[in-house]
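Asker: Take this structure, written in structure tokens, and hold onto it; I'll ask about it next.
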Amino acid sequence: MQKSIIVIIVLFLFRAEAHSQATLKLDDVLSVIAANHPSVKMYDADIRSSDEAAKGARSYPAPELGTGLWMTPYNPSLWKRNADGTNGMGQYMISARQMIPNKKELDANEKYLWAVSAASKESKQANLNELYAAAKTSYYIWLITEKKLRVLEDNEKLLQFMIQSTEIRYKNNLGKLNAYYKAKAELGDIQNQRIQWQNEITQQQVRLNTLMNRDIHGAFAIDTSYTIKDYSPADSSYFGQARSDIKAVQKNIDLAYLQQDLERSKLKPQFGVQYDHMFGFGGQPMQYTLMATVKLPMAAWSSRSTKASIESLKWKEQSLAQQKQVMINEATGQMQGLSNAIASKKRQVNLFEQNIIPALQKNYQVLQLGYEQNTGELFELLDAWATLNKSQMEYLQQVQDLLVMQTEMDKILQQN
């Protein structure tokens, strides 16, 4: 009696804990990943870093200041006024210089720096697309495994009914044990499968917790409803507009253009102004110089590095354009192949739903009725049960395969 009370209390606490667990829908999981995953925060920090750097795009070069003796004799006695009244020699100078960058260079630099984060933003979305695909796969495997456990539980009840009926009949000399031990073995196999699938659920829960950046042992439940999608055909132009990884490559091509413009602007003259003020020694008057300066980077001997950089960026631009085309071609091919696979898998699932499972269920029901009326044998009923159980599990595996294919298609099309 005391043991029974303890068992009831434990079951009650277990059910209370199960009910207290939060149920996360797939959209909830994806939202948590978008907010909490470390790689997303990494991209956010990288984007902020680029944007902060762009705020200083129109900065001028630092002014240059100088001070010291100018045209001063080494002999300090010559610094003083001479006895005949003539002025001494030497001056103390204060100098200031400021270079003024070309406006086109400032404009090109600003456009380039503000565009740097655009590629990071697209890379962030591409990374999220990968994370979403991983989360969907784990979620759907967990979902189908839950359904397998439910089917397993229902079939276990049917098997226990057969075993109990056989035991009662044998005691009353109304039946044989010709398939009894095979049924007991099937019952053990069900218990083994339950352990395997419960472990599978635990693994998928750990993976989802990891993706959500939560405690890996955090318990939660999932919504076991799902939707089979229909996909519209897409051409190659779609991927250039929808896929973030391809758009990131395009942003890098744009950056190569902007960087070329920036390098070209560096070949234009840069102007500056310089002011020097001199304090004369030995009665000399104060003097100054005011000069305009110009830097000529377009000279043949000083422009080689800039021109080489421009040429390098042209080839980089071509390389990125080919990379983009390769990605579009791969995505188009993957989409076409996966579309055919999904269509075939849908036909298989429909066959199970409309023909195979209903027929096997009716077959089992007929044999069960015959067994209950002592006109059928246990081994026939057990064989029908095993066939039905196997087909139900195969059907759920087909659904899981279809959902995983659907996840891969969402990843290729970058759809949520």
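Asker: If you put +1 on each Lys and Arg Cβ and -1 on each Asp and Glu Cβ, how big is the dipole of region 263-327 around its Cα centre, in Debye rounded to 20?
Answerer: My answer is approximately 380 debye.
Asker: Just name one of GLN204, LEU396, PRO61: the one whose Cα is farthest towards the positive end of the charge dipole of the chain (beta-carbon charges, Lys/Arg +1, Asp/Glu -1).
Answerer: So the residue furthest toward the plus end is PRO61.
Asker: How tilted is helix 357-372 with respect to the longest principal axis of the chain? Cα atoms for both, answer in degrees (0 to 90, nearest 10).
Answerer: So the inclination is approximately 30 degrees.
Asker: Translational D (Stokes-Einstein, µm²/s) of region 24-117 at 4 °C and 1.567 mPa s when Rh comes from the Kirkwood sum over C-alpha pairs?
Answerer: After rounding, the answer is 67 µm²/s.
Asker: Which value in Å is the Kirkwood Rh of region 281-402 over different Cα pairs?
Answerer: Working: mean 1/r = 0.0439 Å⁻¹.
About 22.8 Å for region 281-402.
Asker: Tilt of helix 26-36 relative to the longest C-alpha principal axis of the chain, in degrees (0 to 90, nearest 10)?
Answerer: Between helix and principal axis, roughly 30 degrees.
Asker: Rounded to the nearest 20 Debye, what is the dipole magnitude of the chain about its Cα centre when Lys and Arg each give +1 and Asp and Glu each give -1 at the C-beta?
Answerer: 940
Asker: If I model a spin label as a point 7 Å beyond the Cα along the Cα-Cβ vector, how far apart are those points for GLU311 and VAL326 in nm?
Answerer: Here the answer is 2.5 nm between the modelled labels.
Asker: Hey, could you get me the Stokes-Einstein D for region 81-219, Kirkwood radius over alpha-carbon pairs, 25 °C and 0.890 mPa s, rounded to whole µm² s⁻¹?
Answerer: Approximately 105 µm²/s, per Stokes-Einstein.
Asker: From the Cα trace of region 109-148, what convex hull volume per residue do you get, rounded to a whole Å³?
Answerer: 29
Asker: Then there's this: Could I have the simple spin-label model distance between LYS157 and THR210, label points 7 Å from Cα toward Cβ, reported in nm to one decimal?
Answerer: 3.7
Asker: Using only Cα positions of the chain, each an equal point scatterer, no hydration layer, compute I(q)/I(0) via Debye at q = 0.10, 0.13 Å⁻¹ and quote the log10 values to two decimals.
Answerer: Normalising to I(0) and taking log10 leaves -0.93, -1.20.
Asker: Return the single residue from THR387, THR375, THR72 with maximal mean-square fluctuation; model: Gaussian network over the chain, springs between Cα atoms under 10 Å.
Answerer: Ranking THR387, THR375, THR72 by mean-square fluctuation puts THR72 first.
Asker: To the nearest 0.05, how large is the calculated FRET efficiency for ASN36 and LEU69 if R₀ is 45 Å and r is the Cβ-Cβ distance?
Answerer: 0.10
Asker: Given the options ASN87, ASN350, ASN209, which has the most mean-square fluctuation in a GNM of the chain, springs set between C-alpha atoms less than 10 angstrom apart?
Answerer: Evaluated over the chain, the most mobile residue of the options is ASN87.
Asker: In addition: Can you tally the net charge around LEU367? Count Lys and Arg as +1, Asp and Glu as -1, for every other residue whose Cβ sits under 15 Å from the Cβ of LEU367.
Answerer: Numbers: positive: LYS362; negative: GLU372, GLU377, GLU380, ASP383.
Around LEU367, the surrounding residues sum to -3.
Asker: How many angstrom lie between the C-alpha centres of region 255-271 and region 128-153?
Answerer: Using only Cα atoms, the two centres lie 53 Å from each other.
Asker: Quickly work out the ASN87-to-SER232 label distance, labels modelled 7 Å from Cα along the C-beta direction, and quote it in nm with one decimal.
Answerer: With each label point 7 Å from Cα toward Cβ, the separation is 8.6 nm.
Asker: Excluding LEU267 itself, calculate the net charge of residues whose Cβ lies under 14 Å from the Cβ of LEU267, where each Lys or Arg counts +1 and each Asp or Glu counts -1.
Answerer: +3
Asker: Dipole of the chain (Lys/Arg Cβ +1, Asp/Glu Cβ -1, origin at the Cα centre): which of VAL116, MET335, ASN355 lies farthest to the positive side?
Answerer: Checked the options; the winner is VAL116.
Asker: Now for a separate question. Pick out which of SER244, SER265, SER303 has the largest mean-square fluctuation in a Gaussian network model of the chain, springs linking Cα atoms closer than 10 Å.
Answerer: Comparing SER244, SER265, SER303 in a Gaussian network model of the chain, the most mobile one is SER303.
Asker: Find how much the distance from LYS184 to MET286 grows on full extension, using 0.36 nm per residue of separation minus their present alpha carbon separation; answer in nm with one decimal.
Answerer: Net length gain for the segment: 25.3 nm.
Asker: Once each part is reduced to its C-alpha centroid, what is the distance from region 348-367 to region 53-83 in angstrom?
Answerer: 97
Asker: Using just the C-alpha positions of region 192-251 as equal point scatterers, what log10 of I(q)/I(0) does the Debye formula give at each q in 0.18 1/Å?
Answerer: Log10 of I(q)/I(0), two decimals: -0.82.
The numbers here are math on the coordinates, done by the rules we state, and not lab data. Quick caveat, the model's predicted, so the values are computed rather than measured. Here Cβ is always computed from backbone atoms with ideal geometry, including for glycine, and neighbour counts include all displayed protein chains.
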